[in-house]
Structures are given as C-alpha cells and as structure tokens.
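Chemist: Here it is, the structure in full.
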Amino acid sequence: MQNKVSVVKCADYSHAAKAVRESLDLIGGIEKYVKKGDRVLIKPNLVSRKKPDEAVTTHPAFLRAVIEIVEEAGGKVTVAESPGGPYNAAALKAVYRMCGVYDAAEGTSASLNLDTSFTEVSFDEGKTVKSLPIINPVLDADVIISLPKLKTHAMTSYTGAVKNLFGTVPGTYKAELHFRLDDRKAFCSMLVDLCECVKPTLSIMDGVWGMEGNGPTAGQNRYIGIVMASASAHALDKIACEIIDYAPYEVDTVREAEERGLIGTVETVGEPIEPLIIRDFVKPESHFNLLKLLSLPPAVNAWAKAALASRPKINYDACVGCGECARCCPPKAIDMSGGKPVIDKRKCIKCFCCQELCPQKAVMIHRPFLNRFMIKFLK
Ligand code: SF4
Ligand code: SF4
C-alpha cells in the first residue's frame with residue numbers, strides 16, 4: 001500500500017485558499033475525490049467555543065477555502081461537528097458563532113448541521129470496539145473531508161487527522177468511551193477503529209498556526225506555516241508527527257495504525273520534510289514515554305505507571321467555579337459541592353477532558369516528582 005501526503009507552505013491565513021488548492025492538486029486534485037452532486041460532509045476541529053486566533057480550532061479562512069473548492073467541484077456541503085460538552089442545537093450554534101463558522105459559510109451554499117441524531121454503527125472488523133455511535137450527517141454523506149488542526153494533546157500526546165474523528169461521536173457518548181477505555185493505548189486503538197469505520201475520503205490539515213505544550217486547548221500557539229493533505233488520515237498523522245518531532249512509537253494512534261498495516265509506504269509530495277521539522281516543539285507535560293518501561297516485570301510496570309502518571313490539578317486562582325469540568329468528567333470524579341472543583345484521585349482516569357474543556361485554562365497538568373526525575377534521567 002502506498003499513500004501520498006502533500007505538504008505545502010502557507011505564510012498566513014490570507015493565503016489559505018491557494019495553499020489548500022495546491023495541497024489537493026499534489027494528490028490528484030479535488031475532482032479525484034468529489035463528483036458533481038456528491039453530498040460532502042466537512043468535519044473541522046471545533047473542540048470547544050474558541051476564537052480563531054486562539055489556534056485551537058480549524059481556522060475559518062481554511063474552512064471557507066475547502067467549502068469553495070468542494071462547491072466548485074459540484075459537491076453539496078454540510079459542515080458538522082460534535083464538539084466537547086453538550087450536543088444540542090443551542091450548543092452547536094454557540095460553537096459555530098465563536099469559532100467563525102458562520103463567517104466561513106457566509107455567501108456559500110454550505111449548510112451548518114444542527115441535527116443531533118445519531119446511529120449505532122456495527123463494526124465487526126474493530127479491534128477494540130465492535131460498534132460505535134456516529135452522528136447521522138456523517139453517515140448520510142457520500143464524501144467525508146476531515147479538517148484537523150496540528151496540535152499536541154494531554155491524553156493522546158498529539159491530535160490530528162485520526163483524533164479529529166472523535167468529533168463524529170455524539171456528545172455524552174464520548175465520555176462513555178473515555179470511561180470504558182480508560183487506558184491510553186485502548187483509547188487510541190478505539191480511535192483507529194473509529195477512523196476505519198468512518199473512513200474519511202480526505203484529510204486536509206490546518207498546520208498554519210498549531211498548538212504546542214498542553215494542548216489541545218490550554219497550550220501555546222505555535223506558527224508552523226504548513227497545509228497538508230492526504231487520502232490516508234494515518235499517513236498524514238505520521239508525517240505531521242515527524243514534523244513536530246515525535247517518534248512514531250510515541251503517538252499511540254500512529255503506532256497502532258502502523259502495527260495494523262494501515263500506513264504502508266508514505267510518499268511525501270511538495271515541500272521536503274527535513275527542513276520543516278521543529279526540534280523544539282513543546283510536548284504536553286503529561287507526555288511520557290512509558291513504553292521505555294515495558295521491559296520491567298508486569299507488577300513493577302503497573303506500579304511505575306501509577307507512580308509516574310501525570311494528573312489534572314486545579315489552579316484555584318484561575319478557576320471561576322463554572323462547573324464545566326465536572327459536567328464533562330466521564331467517571332464523575334469532580335465534586336463541585338463547595339463551589340470549586342475537587343478531584344477524587346481514586347476515581348480519576350486521567351483522560352484530561354477537564355483540562356480540554358475548561359474555558360479558563362484553570363486545569364493544570366501535575367507531574368509527580370518521580371515523573372520529572374525520570375524524564376530528565378532518560379533524556
Ligand atoms: S471548568 Fe475550569 S473554571 Fe470551570 S470549575 Fe472547572 S476548573 Fe474551574
Ligand atoms: S478529573 Fe479530569 S482527567 Fe480525571 S477523569 Fe475527570 S475529566 Fe478525566
């Protein structure tokens with residue numbers, strides 16, 4: 001299997017339309033993927049209500065460029081997302097408004113999805129899950145185009161094309177999957193199943209401004225200046241990880257896809273990769289290569305994992321007591337009865353949903369002393 005990944009430089013979002021078009025031309029052009037009359041579902045990354053310049057969500061200029069290109073090819077566009085938090089029409093409208101999606105679609109014929117129905121889809125080929133709830137607009141589409149953002153992620157280390165598809169799972173079911181699959185490897189294996197189930201036709205990555213550090217919402221903006229496209233979400237993630245200087249085995253979605261033979265040989269077209277690699281791209285504080293411990297006996301390994309695991313910690317000076325963290329916490333490990341959140345460490349599954357969805361960036365990542373010591377020692 002050979003997969004092509006295009007990489008194109010993009011100085012800023014005023015050049016997004018040109019860069020997106022170039023990235024698609026390098027992998028065969030939009031006509032290869034979208035035929036006249038196709039129902040095309042565009043799935044941006046709209047994880048939560050964030051302004052475009054916060055570099056958390058797919059930029060509206062980028063989204064608009066893709067809408068226009070698909071329309072030119074004769075596709076009928078629907079934009080859909082199941083963001084973090086509640087999944088209802090009011091919540092969707094608020095996300096669309098804050099993320100600039102109304103502006104992106106203005107003057108186009110694209111419709112913005114407000115239908116919150118979903119279907120439980122059987123997926124017998126799944127390794128970790130045999131069925132998944134998927135939002136109906138995704139299932140109704142002939143073509144699915146995913147628009148991930150290049151960012152780090154506190155739980156999965158990296159969020160890109162494969163992780164973006166978690167937003168095809170409706171609202172609270174995301175929490176249920178986190179709860180059921182509370183181990184990072186199992187969760188990432190489920191994400192690979194989800195990608196194989198949804199089978200996006202194309203992934204086009206907004207890597208103009210990304211996020212480093214404690215992503216996907218509480219890190220720092222980082223200029224990367226690229227747009228990438230591929231028919232393979234897995235191949236695109238592999239190259240994106242290379243650019244932000246992760247080894248493939250450090251990111252469980254990429255490692256899992258590689259082990260399942262889903263990546264194959266990757267041919268990059270456009271810009272050469274080597275000069276684009278950012279050696280000092282800051283990883284999340286929770287990122288720690290526990291695979292290095294696998295040679296330990298299982299009992300010691302389990303103890304080491306527990307002792308080394310990073311945990312969420314509330315910054316009470318920044319916290320406003322809104323309760324969003326408690327509402328999104330899959331195992332209900334956060335108590336708000338005193339007005340401010342208190343985390344029950346025994347219940348916490350370290351999914352970092354609270355960190356992802358806190359609007360005040362008040363959930364920090366706490367690394368135990370041993371964790372910090374080990375990282376220093378192993379570097
Ligand atoms: S979501 Fe953030 S601001 Fe709101 S209660 Fe939780 S920690 Fe505090
Ligand atoms: S406290 Fe935060 S990290 Fe722990 S389970 Fe709840 S949402 Fe996940």
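The values are calculated or read from the model by the stated rules, or taken from the named source; none is laboratory data. Given the structure is predicted, the values throughout are model-derived calculations rather than measurements. For neighbour counting, all protein chains shown are included, and Cβ atoms are generated from backbone atoms with ideal geometry for every residue, glycine included. The area values use the complete protein model at the heavy-atom level, side chains included, leaving out ligands, DNA and RNA. Shrake-Rupley method; radii C 1.70, N 1.55, O 1.52, S 1.80 Å.
Chemist: Could you tell me whether residue 78 is touching a strand residue (DSSP E or B) at 6+ places or on another chain (Cβ under 9 Å), assigned to a strand (DSSP E or B) and not assigned by TED's automatic domain parsing to the domain that holds residue 353?
Modeler: The answer is yes for residue 78.
Chemist: So is residue 141 of a type in the set (A, V, I, L, M) and in a loop (DSSP other than H, G, I, E, B) or not?
Modeler: Taking the combined requirement at face value, the residue satisfies it.
Chemist: Turning to a different aspect of this structure: Could you pull out the residue among 112, 41 that is in contact with a Phe, Trp or Tyr (Cβ under 6 Å, 6 or more places away or on another chain) and within 30 Å of residue 355 (Cα to Cα)?
Modeler: One residue alone meets the criteria, 112.
Chemist: Sort out which residues of the stretch 1-20 are outside any helix (DSSP H, G or I) and over 17 Å from residue 231 (Cα atoms), and write them in order of number.
Modeler: Selection gives 9, 10, 11, 12.
Chemist: To continue, here is another question. Only one of these is open to solvent by less than 50 Å² (accessible area, probe 1.4 Å), more than 8 Å from ligand 1 (Cβ to nearest atom) and under 21 Å from residue 177 (Cα atoms): 343, 334. Name it.
Modeler: Going through 343, 334 in turn, the sole match is 343.
Chemist: Being among the hydroxyl-bearing types (Ser, Thr, Tyr) and within 26 Å of the chain's Cα centre (by Cα) is the requirement here; does residue 310 meet it?
Modeler: yes
Chemist: Go through the stretch 120-135 and count every residue that is free of Cβ contacts under 8 Å to residues at least 60 places away in the same chain, surrounded by 15 or more Cβ atoms within 10 Å (Cβ to Cβ) and polar (S, T, N, Q).
Modeler: Of the residues in that region, 0 qualify.
Chemist: OK, next. Does the stretch 175-188 contain at least one residue that is under 14 Å from the mean Cα position of the chain (by Cα) and surrounded by fewer than 23 Cβ atoms within 10 Å (Cβ to Cβ)?
Modeler: Yes: one or more hits.
Chemist: Between a residue in the stretch 327-352 that is in a loop (DSSP other than H, G, I, E, B) and any residue that is among the charged types (D, E, K, R), which pairs come within a Cβ distance under 6 Å, given they are 6 or more apart or on different chains?
Modeler: These pairs meet every condition: 331/347; 333/344; 333/347; 349/182.
Chemist: Scan the stretch 77-90 residue by residue and report those that are among the charged types (D, E, K, R) and either more than 24 Å from residue 38 (Cα to Cα) or open to solvent by 30 Å² or more (accessible area, probe 1.4 Å) (or both).
Modeler: none
Chemist: Among the residues of the stretch 188-246, how many are part of a helix (DSSP H, G or I) and more than 12 Å from residue 161 (Cβ to Cβ)?
Modeler: Number satisfying all stated conditions: 8.
Chemist: Which of the residues that make up the stretch 351-362 are near ligand 1 (Cβ under 9 Å from one of its atoms), among the hydrophobic types (A, V, I, L, M, F, W, C) and open to solvent by 10 Å² or more (accessible area, probe 1.4 Å)?
Modeler: Selection gives 354, 357, 358.
Chemist: Same structure again: Condition test on residue 321, is it modelled with pLDDT of 95 or more and within 16 Å of ligand 2 (Cβ to nearest atom)?
Modeler: Judged against the criteria, residue 321 is a match.
Okay, residues lined up against (1) at pLDDT 75 or above; (2) more than 20 Å from residue 222 (Cβ to Cβ); (3) open to solvent by 50 Å² or more (accessible area, probe 1.4 Å):
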residue: 267; (1), (2), (3): yes, yes, yes
residue: 273; (1), (2), (3): yes, no, no
residue: 279; (1), (2), (3): yes, no, yes
residue: 299; (1), (2), (3): no, yes, yes
residue: 306; (1), (2), (3): no, yes, yes
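Chemist: Another question, then. Please count how many residues of the stretch 21-59 are in a loop (DSSP other than H, G, I, E, B) and among the charged types (D, E, K, R).
Modeler: 6
Chemist: Taking only the stretch 250-260 into account, find how many residues are under 15 Å from residue 152 (Cα atoms) and in a helix (DSSP H, G or I).
Modeler: Residues flagged as under 15 Å from residue 152 (Cα atoms) and in a helix (DSSP H, G or I) within the stretch 250-260 amount to 4.
Chemist: When residues of the stretch 96-113 are filtered for being part of a loop (DSSP other than H, G, I, E, B) and open to solvent by 70 Å² or more (accessible area, probe 1.4 Å), how many remain?
Modeler: So the count comes out to 3.
Chemist: Hey, another quick one. With 43, 93 as the choices, which residue is surrounded by fewer than 23 Cβ atoms within 10 Å (Cβ to Cβ) and not acidic (Asp, Glu)?
Modeler: Sole residue among the options that is surrounded by fewer than 23 Cβ atoms within 10 Å (Cβ to Cβ) and not acidic (Asp, Glu): 93.
Chemist: Evaluate the stretch 211-221: report whether one residue or more is modelled with pLDDT of 95 or more and among the charged types (D, E, K, R).
Modeler: Within the stretch 211-221 (the criterion being modelled with pLDDT of 95 or more and among the charged types (D, E, K, R)), the answer is yes, since at least one residue qualifies.
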